[in-house]
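Colleague: If you scroll down you'll find the structure; I have some questions about it.
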């Protein structure tokens, strides 16, 4: 029996014991085949990684080797990956952070391991790139075309980094958390990794908006005992009825994630106490795969015999599984306590796929199963997007999110074939999804046997027949009709091919123009006109000439003969900014340097809010609230552009904030509201818009305040007016 290698002396005795303990926990978490050869290969990778990282420490002071061991443990336990993936997870930082190369990895562990480690290794030098984050993410995503294990291990890596983010400085926390919520959590969702997705979302919220995170966590803690007791009483009669009917099933009470509760509060504009579904009942049946659908509907029948259903809330993800393989029945019923209860009904197989996603899906997919699932379709779309036209990394990420992270709808062809599209897709998106040629020649469609234009948005269950014409050609204005990156890419290619046919005509016409004005039709002069017209493609240039969009007058305005035979281009300059600003409304901000800055109108930050600042060359700093969706997007793309920032408010400066008010339509309401604002609180009103519908008033108030405390006091005072039902700060979950 081979001797166990000694751990390097750079580790203390306690650290060596902890490393071995974590090593054993990894082996215990490993759920797939563990024969002697498999164990030997994993041990070989483990001791190699321990040696490679022996001189490295994490920011917390812990040995760096803790990190790859924990990443491997997540990959093995939470995702259910096997030997090769565990080895790759243990080695994922070796090439990036130590003296060892990919050739070393290949020689010691084989080409397959080397290729996965390469996919996990960040680019060494991206100083010239627009966004290093985007370039590295594109590299990871591109691995979907050859080995999905790269993405699965990267998600394990990201989860452990998020779990240990406390030791990082605030601006790094915001960068990593924003990138996680913008990219990695949606990716985990698309791969069906539910438990990883919700933990990534919760940890992201913890760092981007800690006030909301801890507030909701406390409220969940406060109601947990009561809600669990109510739901146990709710479950009892259902279980008794199922046992009587011979249905084999078990029940669980699940707690909705903090981020999910917050999103529901935002979407529905409800306070925590008004929200149902913070705790969910899950009924799981143990039956053969071929009986699953029938058994789940039997359980639904028992449930609705016991409790009254909210039929509009029934969601059938069994007949129409999600693209990530998720299957379940979702029902909402009225409990005996007068509260709505959300119930999820599924089989044991569906439960495992819902929790472990991709790995569990392939575990249950047999060689005889030739049907293509939504997950297979999603993977093909991802591979198509990866193999498409070369794009800059930021455009690649935006397109990837647009097509592959969006919610979905399903529509049908005239032959009854189901097509899955991102929510918000149009008739033209559908046409390009079928085939590029159909998209290029589309003129209209029959949607549910009614004539529809190309920009018509589709809804779930629509049946669509595209009408085409050979005389039709792809047009630039169509980009406004499209919601999917795939369709935009195919339209771009179609326009390029169509315009290419005009090159000869355009070249001849351009030569005639240059001859008339006495200028050499050289490449340099052509490029001068292209630059003035902001054209990067000669195909577009000659098409515009052929169509008369670039004519003699325009060419003369760009190229003017000079006595010395050279030519100059006329330029026009616009004024930057949006006009004058009042001196007393300019916010004050403390930063690590002296900068010009703009307070973003998308989220209207005010003193007391957590803020984040972005610095771009030649532009004023952009100041956002840290939980602003735009800020999260910018952090995910340009994390290195984050600037440390905090408010240093001045008492005489007022900031614009918006409130949304819901109230009963009673006489004198407007007078009481304006009296409170102007006379009692001495606040300046910027604008007020009110609309009454069936005795309910909705009002949007823009008001100048000095800080969040003043705004909170105003919200409390407004809510004390008896007619007012709810006061919400816009772009926030703050509710009074």
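Colleague: Could you work out the equivalent-ellipsoid semi-axes for segment 1-127, taking the square root of 5 times each eigenvalue of the Cα gyration tensor, largest first, in whole Å? Walk me through the intermediate numbers first.
Modeller: Working: eigenvalues 84, 75, 41 Å².
The answer is 21, 19, 14 Å, longest axis first.
Colleague: Quick one: go through segment 39-79 and flag any residue whose amide nitrogen is under 19 Å from the point 7 Å out along the Cα-to-Cβ line of residue 16.
Modeller: Correct set: 44, 46-57, 62-66.
Colleague: Between segment 148-201 and segment 86-125, how many Å separate their Cα centres?
Modeller: Each part reduced to its Cα centre gives a spacing of 21 Å.
Colleague: For segment 211-364, just say rounded, prolate or oblate: build the C-alpha gyration tensor, square-root its eigenvalues into a ≥ b ≥ c, call rounded for a/c under 1.5, and beyond that prolate if a/b exceeds b/c, oblate if not.
Modeller: oblate
Colleague: Which residues in segment 485-509 have a backbone N closer than 16 Å to a point placed 7 Å from the Cα of residue 551 along the Cα-to-Cβ line?
Modeller: Residues passing the 16 Å test: 509.
Colleague: On to the next question. Rounded, prolate or oblate for segment 138-265? Axes are the square roots of the Cα gyration tensor eigenvalues, ordered a ≥ b ≥ c, and the cut-off for rounded is a/c under 1.5.
Modeller: Judged from the Cα gyration tensor, segment 138-265 comes out oblate (a/c at least 1.5, b/c at or above a/b).
Colleague: Distance in nm between label sites at residue 32 and residue 691, each 7 Å beyond Cα in the beta-carbon direction?
Modeller: About 5.4 nm, to one decimal.
Colleague: Fully extended, how many nm does the chain gain between residue 317 and residue 665 (0.36 nm per residue separation, minus their Cα-Cα distance)?
Modeller: 121.2 nm
Colleague: Give the shape of segment 307-353 as rounded, prolate or oblate, defined through the alpha-carbon gyration tensor: a ≥ b ≥ c are the square roots of its eigenvalues, a/c under 1.5 means rounded, and otherwise the shape is prolate if a/b is larger than b/c and oblate if not.
Modeller: It comes out prolate by the Cα gyration axes.
Colleague: Which peptide among 541-554, 516-529 comes first, and what is the full order, when sorted by highest mean count of other Cβ atoms within 10 Å?
Modeller: Listed from highest to lowest mean packing, they are 541-554, 516-529.
Colleague: Treating only the Cα positions of segment 501-568 as identical point scatterers, give the base-10 log of I(q)/I(0) from the Debye formula at each q in 0.14, 0.17, 0.19, 0.21 Å⁻¹.
Modeller: Treating every Cα as an identical point scatterer, log10 I(q)/I(0) equals -0.36, -0.53, -0.66, -0.81.
Colleague: Enter the Cα centre distance for the pair segment 65-80 and segment 501-565, rounded to the nearest angstrom.
Modeller: 60 Å
Colleague: What FRET efficiency would be calculated for the residue pair residue 232, residue 722, taking the C-beta separation as r and a Förster radius of 30 Å, to the nearest 0.05? Walk me through the intermediate numbers first.
Modeller: On the way: r = 38 Å, r/R0 = 1.28.
Taking R0 as 30 Å, the efficiency between residue 232 and residue 722 is 0.20.
Since every read-out is calculated from the coordinates, none of them should be taken as a lab result. Keep in mind that what you see is a predicted model, and the values were worked out from it rather than measured. Quick reminder, even Gly has a Cβ in these numbers, built from the backbone with ideal geometry, and neighbours come from all protein chains shown.
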